[in-house]
1. Mind checking whether some residue in segment 174-188 is open to solvent by less than 30 Å² (accessible area, probe 1.4 Å), touching a residue at least 40 places away in the same chain (Cβ under 8 Å) and not aliphatic (A, V, I, L, M)?
2. What's the total number of residues in segment 201-230 that are basic (Lys, Arg), under 14 Å from the mean Cα position of the chain (by Cα) and at pLDDT below 95?
3. Given the condition on the phi < 0 side of the Ramachandran plot, open to solvent by 60 Å² or more (accessible area, probe 1.4 Å), assigned to a loop (DSSP other than H, G, I, E, B) and at pLDDT 90 or above, answer yes or no: does some residue in segment 85-95 qualify?
4. Output the residues belonging to segment 235-244 that are open to solvent by 40 Å² or more (accessible area, probe 1.4 Å) and touching a Cys at 6+ places or on another chain (Cβ under 7 Å).
5. For the structure I just gave you, tell me whether ARG26 is of a type outside the set (Asp, Glu), modelled with pLDDT under 85 and part of a helix (DSSP H, G or I).
6. Select from segment 231-284 the residues that are out of contact with any Pro (no Cβ under 6 Å at 6 or more places or on another chain), at pLDDT below 60 and within 30 Å of ALA189 (Cβ to Cβ) and list them in ascending order.
7. Restricting to segment 138-168, name every residue that is surrounded by fewer than 16 Cβ atoms within 10 Å (Cβ to Cβ), in contact (Cβ under 8 Å) with a residue 60 or more places away in the chain and not in a helix (DSSP H, G or I).
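The values are calculated or read from the model by the stated rules, or taken from the named source; none is laboratory data. The structure displayed is predicted, hence computed values, not measured ones. Neighbour counts run over all protein chains shown; Cβ positions are idealised from the backbone, glycine included. Ligands, DNA and RNA are stripped out before the accessible areas are found, and what is left, the full protein with its side chains, is counted by its heavy atoms. Shrake-Rupley method; radii C 1.70, N 1.55, O 1.52, S 1.80 Å.
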Amino acid sequence: MYTRLPDQTTCRTGSCVTSALSFRDRYALFSTPQSKEGTVPARWKDANVIPAPKANPLQRIETDLRPISLTATLSKLLELFVGVWILNRIEDKLDTCQYGALKGRCTTHALVDIMHHWYKAVDEGQSVRSVFIDFAKAFDHVDHNVLVAKLMDFALPDSIIRWISSLLCHRHQRVKIGDVMSDWRVMNAGMPQGSYVWPLMFITLVDSLQTSCPMHKFVDDTTLSKFVAKSTTSCMKACCDELVHQSEEIWMNVNPHKTKEMLIGPMFILQGRALADLRFGGRF
């Protein structure tokens, strides 16, 4: 059984069409008058939102459900083609410590690189202080103006910038649970989750986030690592302050409830003083 999309097709339809399209067919789809003008048909921006559980069993509806947007088949196809086209032109400009939504990279690569640095530090007699950053409702808090400005920094063609802007603006969505659907709502902020292009847009948004300590990114998840030698103090608090400040500039908020810290090695007490508390918005 396949879920019906807003255009009354199914997810399987899109998969079959994608595999059947040649490069020439894909180019023709992207060469429509609307695409050249940088506009997206309004119907293509309609979405049925399916609440997908992030935890089992569910404990809180507010935090344990992820909204997945199911859009029209042609919209998903074109978003995929545009996303691949954009990635081919900006991949060499992206932060090398970003492992999400990129061809040939995955969580395994991120974990291997993180563990390599941690083991190397411990083998050299250092300790490791790591902070796992979580952004509060990251995709919902995306500011469209900031995102468009970031895309312009990558020197993408004006037609692509206009097309992404059109895709973001005046989206309509409704929640679908079983056969029951809510009324349509207009969404003028944030980004949907459910197609390839949106994680790619998000990593362009956070690409400029940099701190004075090593970082590893996986789309909206960020890990900070600070290696502390003997008889030295940890400056992780300064690194976290840098990240918070830069995040606020792009309207991202660190979630203090889900941000966690991990200590590796004999670093609980350094130079006779306890480690400085890490606080985000007064909490941690």
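1. Taking segment 174-188 as the starting set, the residues that turn out to be open to solvent by less than 30 Å² (accessible area, probe 1.4 Å) are none.
Looking through segment 174-188, none of the residues is open to solvent by less than 30 Å² (accessible area, probe 1.4 Å), touching a residue at least 40 places away in the same chain (Cβ under 8 Å) and not aliphatic (A, V, I, L, M).
2. Just the residues of segment 201-230 that are basic (Lys, Arg), to begin with: 217, 226, 230.
Next, from what is left, pick out any that are under 14 Å from the mean Cα position of the chain (by Cα): 217.
Adding the requirement that they be at pLDDT below 95 leaves none.
Qualifying residue count for the region: 0.
3. Within segment 85-95, the subset on the phi < 0 side of the Ramachandran plot is 85-95.
Still in the running and open to solvent by 60 Å² or more (accessible area, probe 1.4 Å): 85, 88-89, 91-93.
Subsequent filtering for residues that are assigned to a loop (DSSP other than H, G, I, E, B) retains none.
For segment 85-95, residues on the phi < 0 side of the Ramachandran plot, open to solvent by 60 Å² or more (accessible area, probe 1.4 Å), assigned to a loop (DSSP other than H, G, I, E, B) and at pLDDT 90 or above: absent.
4. Our first condition is that a residue be open to solvent by 40 Å² or more (accessible area, probe 1.4 Å); within segment 235-244, this holds for 235, 237-238, 241-242.
Answer for segment 235-244, where residues must be open to solvent by 40 Å² or more (accessible area, probe 1.4 Å) and touching a Cys at 6+ places or on another chain (Cβ under 7 Å): there is none.
5. Details: of a type outside the set (Asp, Glu): yes; modelled with pLDDT under 85: yes; part of a helix (DSSP H, G or I): yes.
Judged against the criteria, ARG26 is a match.
6. GLY282
7. Result: ASP143, PHE154.
Here's the yes/no breakdown for (1) under 27 Å from LEU80 (Cα atoms); (2) assigned to a loop (DSSP other than H, G, I, E, B); (3) of a type in the set (Val, Ile, Thr):
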| position | (1), (2), (3) |
| --- | --- |
| ARG174 | yes, no, no |
| ALA189 | yes, yes, no |
| GLY194 | yes, yes, no |
| TRP198 | yes, no, no |
| MET201 | yes, no, no |
| THR223 | no, no, yes |
| LYS230 | no, yes, no |
